[in-house]
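The next block holds one structure in the form of structure tokens; read it before the comments.
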Amino acid sequence: MATKAEPVGSDQAGKPGVQEVITNIPGVGEVKAYFQVSTVDDYDGKTTEDVQTLRLTVPQEDEREVVATDDNGEALKNEDGSDKLTTETYWRYAALEIDLGKASRDKLLKALEPYVSKARESKTQPVATQGSFTASAASKSPHDLNAIREWAKGAGHDVKDKGRIAANIIEAYYKSTGKPNPAA
């Protein structure tokens, strides 16, 4: 919860939301102060009544560096022999919280309404990542990558035991085996 503390006089001691703070200041001694502590709306910073915490999963466009590859999935190299990097854009989902009073909640819902009214219910809950893209998210593939690697090696393609498989090899696998491509 977002809170704010406003100093009040000692005459407010004992009232709801008022907290006493005692500290020792060297050369002065013990000092008492009183603060009115209240929950506050994160959006307007003023509302203290009927403030509730809303949890949101929000898509955010981000960029990351990845190793550039050729059509066979092999890493491209720079002149110095290091891996050539490129930037790609992806969507990550941030788990956020915001404390809002009724008026701010109504504004948020009104702003989202055109999108929510066109949305469909998700079959699965979105997975929020903390901060950056995770390797486990990258490994989610509709393809049976082990089967494709095995087929590719048997068909004479040079593929690594881990990492990305080139799109042309994946396409060749489905054409050769007659299996349906789940990503098509």
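The values are calculated or read from the model by the stated rules, or taken from the named source; none is laboratory data. Quick caveat: nothing in here was measured; it's all calculated off a predicted structure. Cβ placement follows ideal geometry from the backbone for every residue including glycine, while neighbour counts extend to all protein chains displayed. Only protein heavy atoms, including side chains, enter the accessible area calculation; ligands, DNA and RNA are left aside. Shrake-Rupley method; radii C 1.70, N 1.55, O 1.52, S 1.80 Å.
Computed 3J(HN,Hα) for segment 24-29, one whole-Hz value per residue from the Karplus formula 6.51 cos²θ - 1.76 cosθ + 1.60 where θ = phi - 60°, is 9, 9, x, x, 10, x, glycine and proline marked x.
Share of carbon and sulfur in the accessible area of the chain stands at 50%, probe radius 1.4 Å. Rounded to the nearest 10 degrees, what's the angle between the helix 102-116 long axis and the longest principal axis of the chain, both from Cα atoms, 0 to 90? On a 0 to 90 degree scale, this one is about 20. Axis of helix 145-154 versus longest Cα principal axis of the chain: the two differ by about 20°, to the nearest ten degrees. Among residues other than Arg105 with Cβ under 15 Å from its Cβ, the summed charge is -4 (Lys and Arg +1, Asp and Glu -1). Accessible area per residue for segment 11-108 is 70 Å², calculated with a 1.4 Å probe on protein heavy atoms, without ligands, DNA or RNA. Across the alpha-carbon set of the chain, the Rg to Rh ratio works out to 1.24, Rh being the Kirkwood radius.
If R0 equals 45 Å, the separation of the Cβ atoms of Ala13 and Arg55 corresponds to a calculated FRET efficiency of about 0.80.
Taking the C-alpha atoms only, the angle from helix 167-177 to the longest principal axis of the chain is near 60 degrees. Of the residues Ala5, Thr23, Ala68, the one whose Cα sits farthest towards the positive end of the charge dipole of segment 5-70 is Thr23 (charges of +1 on Lys and Arg Cβ, -1 on Asp and Glu Cβ, taken about the Cα centre). Of the residues Gly101, Trp91, Thr124, the one whose Cα sits farthest toward the positive end of the charge dipole of segment 38-132, with +1 on the Cβ of Lys and Arg and -1 on the Cβ of Asp and Glu, is Gly101.
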